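> Below is the structure I would like to discuss, written out as structure tokens.
Nothing in this text is a laboratory measurement; each read-out follows from the coordinates by a stated rule. Please read these numbers as outputs of a predicted model, since none were measured by experiment. Backbone-built Cβ (ideal geometry, glycine too); neighbour counts: all protein chains shown.
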Amino acid sequence: MKVAVFTETYHPQVNGVVVFLSDILPLISKKAEVVLFAPGDAELNVEKVNRNFKIYWVPTYPFPFYEGYRMARIRSATIEKILREEKPNIIHLHAPVLMGLRALKVSRKLGIPVIATYHTHFPDYLPHLFKGLLPKPFTEIAKLPLKRLIKYVFSKATCTTAPTLELKKELESYGVKNVLHIPNGTLFEKFGKGNPARFMRRYGIPKDRPIVLYVGRVSFEKRLEVLLYAFKKIRKATLVIVGSGPSLKNYKRIAKELELNNIIFTGHVSTDVLSDAYSAADIFVSPSDSETFGLTFVEAMHFGLPVIGVDRLGAREIIRHGRNGFCVKAGDSDALVEAISTLIAYPSLRKRLGAQAKKDAEGYDIKRVAERFLQLYKKLCRETKP
């Protein structure tokens with residue numbers, strides 16, 4: 001069996017989709033041939049990763065509304081030519097945009113079944129893309145044609161997968177049919193045990209304060225200003241923000257204006273340093289209200305951390321309020337203060353929630369997710385045989 005995978009984002013970009021694909025595609029390639037189409041540089045290049053894994057690096061151009069993001073530039077005729085040569089049995093689109101739409105069009109012409117995975121909840125990104133320049137009523141109006149476009153695109157796939165039950169229901173409310181719930185997952189084996197002391201020495205973190213950790217892209221849609229404003233009222237902890245992105249300078253500026261001296265920005269780190277960060281932390285928190293899944297919640301839970309997130313989309317499904325962490329209202333820094341302060345004040349509660357979080361993380365092993373997709377590939381191939 002051969003699978004053609006199309007993604008609008010891949011290395012060297014760092015985000016949840018890239019991490020997910022980096023973990024799952026090598027596993028898929030152990031049982032099927034994988035041909036990946038991913039955004040590259042100026043020219044179309046082919047890279048042979050291993051015997052069963054090939055990458056077509058597609059030419060790109062900068063996306064004007066999101067720094068660091070590049071749009072794939074490839075004609076439908078080129079996609080068709082390559083697919084006729086590769087002869088895949090199935091096509092898997094991840095967060096399809098321009099290249100994904102063209103691949104979808106070609107797949108229908110060639111009679112190849114298509115799975116479309118909904119990674120990015122585009123309606124939530126509208127206010128962030130225009131950086132608050134659009135008044136809220138106009139933003140809500142602009143979401144209507146976007147929802148119709150989502151219905152149009154995903155309804156043309158043979159089936160759609162959503163990483164959470166809430167997103168499955170959301171897509172169905174738009175009129176998308178045949179939506180399956182397959183959660184994302186992570187490859188736990190890539191993490192080491194971690195060395196807390198080494199991490200604290202590296203960044204000069206005092207030993208007498210709990211560490212509150214955020215891991216992820218440092219970009220406007222992650223709403224990190226909510227967390228920074230919360231830390232204006234939290235003095236008995238150190239906030240560590242791990243990651244990089246287009247808003248790093250802006251958030252450093254906000255932290256300086258708020259006179260926060262208990263915050264550390266590490267920038268992008270290696271997997272080994274990330275393991276150290278998770279092992280050193282006491283609490284994990286993300287104020288993002290646009291997470292369709294939230295892989296970093298699962299990673300933190302794997303290290304036995306209680307997690308705090310926003311009460312919607314992916315966070316609401318992963319976090320069991322009062323069981324493995326807390327869910328708070330989106331954009332509410334006071335609610336974040338209360339949740340973080342509670343876990344700081346009660347170490348026994350922190351330990352109990354963290355222990356349950358570690359158990360719950362086991363359900364998000366990427367190996368299980370890979371097997372579910374492989375079974376789905378086989379099922380669709382059987383159903384579409386002439």
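> Of all GluC sites (Glu not before Pro) in region 1-77, which ones are in loop regions per DSSP and have a Cβ with at most 16 other Cβ atoms within 10 Å?
Listed in order of number, the matching sites are GLU43, GLU67.
> So which GluC sites (Glu not before Pro) in region 170-278 pass both tests, a DSSP loop state and at most 10 other Cβ atoms within 10 Å of the Cβ?
Taking region 170-278 and a limit of 10 other Cβ atoms within 10 Å, the loop GluC sites (Glu not before Pro) found are GLU259.
> Have a look at the DSSP beta bridges in the chain and tell me what percent are antiparallel, nearest 5. Write out the running numbers ahead of the final one.
Details: 9 of 54 bridges.
If I count the DSSP bridges inside the chain, around 15 percent turn out antiparallel.
> Shifting gears a bit: To the nearest 20 debye, what is the magnitude of the charge dipole of the chain about its Cα centre, counting +1 on the Cβ of each Lys and Arg and -1 on the Cβ of each Asp and Glu?
Working: 61 positive and 37 negative charges, 136 e Å.
Once rounded to the nearest 20, the dipole reads 660 debye.
> Work out the length of the dipole vector of region 209-357 about its Cα centre, built from +1 on the beta-carbon of each Lys and Arg and -1 on the beta-carbon of each Asp and Glu, and round it to the nearest 20 debye.
My answer is approximately 300 debye.
> For region 188-364, what are Rg and Dmax over the alpha carbons, in angstrom?
In Å, with Rg to one decimal and Dmax whole: 14.5, 41.
> Does region 181-261 come out rounded, prolate or oblate by the C-alpha gyration tensor, with a ≥ b ≥ c the root eigenvalues, rounded set by a/c under 1.5 and, if not, prolate when a/b is larger than b/c and oblate if not?
Oblate shape, in that a/c is at least 1.5 and b/c is the bigger or equal ratio.
> Next up: What ratio of Cα Rg to 2.2 N^0.38 Å holds for the chain?
1.00
> Continuing with the same structure: Please figure out what share of the DSSP beta bridges in region 1-99 is antiparallel and state it in percent, rounded to the nearest 5.
In region 1-99, DSSP labels about 35 percent of beta bridges as antiparallel.
> Arranged by the count of other C-beta atoms within 10 angstrom, fewest first, what order do THR342, THR160 take?
By the 10 Å Cβ count, ascending: THR342, THR160.
> May I pose another question? May I ask you to list, by number, the DSSP H helices of the chain whose Cα span along the axis is at least 24 Å and whose average Kyte-Doolittle hydropathy reaches 0.0 or more?
Within the chain the helices that satisfy the rule are 136-155.
> LEU180: net charge of surrounding residues, Cβ under 12 Å, Lys/Arg +1, Asp/Glu -1, itself excluded?
Here the charged neighbours net out to +3.
> Next question. What residue among PRO12, ILE241, SER341 has its Cα farthest toward the positive end of the dipole of the chain, where the charges are +1 on Lys, Arg and -1 on Asp, Glu, each on the Cβ?
Towards the positive end, the residue furthest out is PRO12.
> Using Cβ counts within 10 Å as a stand-in for footprinting exposure, how do ARG73, ARG51 rank, fewest first?
Result, fewest neighbours first: ARG51, ARG73.
> Sort out for me the Cα centre separation of region 311-333 from region 210-233, rounded to whole Å.
Their Cα centres are 15 Å away from one another.
> While we're looking at this one, here's another question. Find how much the distance from SER173 to MET1 grows on full extension, using 0.36 nm per residue of separation minus their present alpha carbon separation; answer in nm with one decimal. Intermediate values should be presented prior to the final figure.
Details: separation 172, 0.36 × 172 = 61.92 nm, distance 3.35 nm.
Difference between extended and current length: 58.6 nm.
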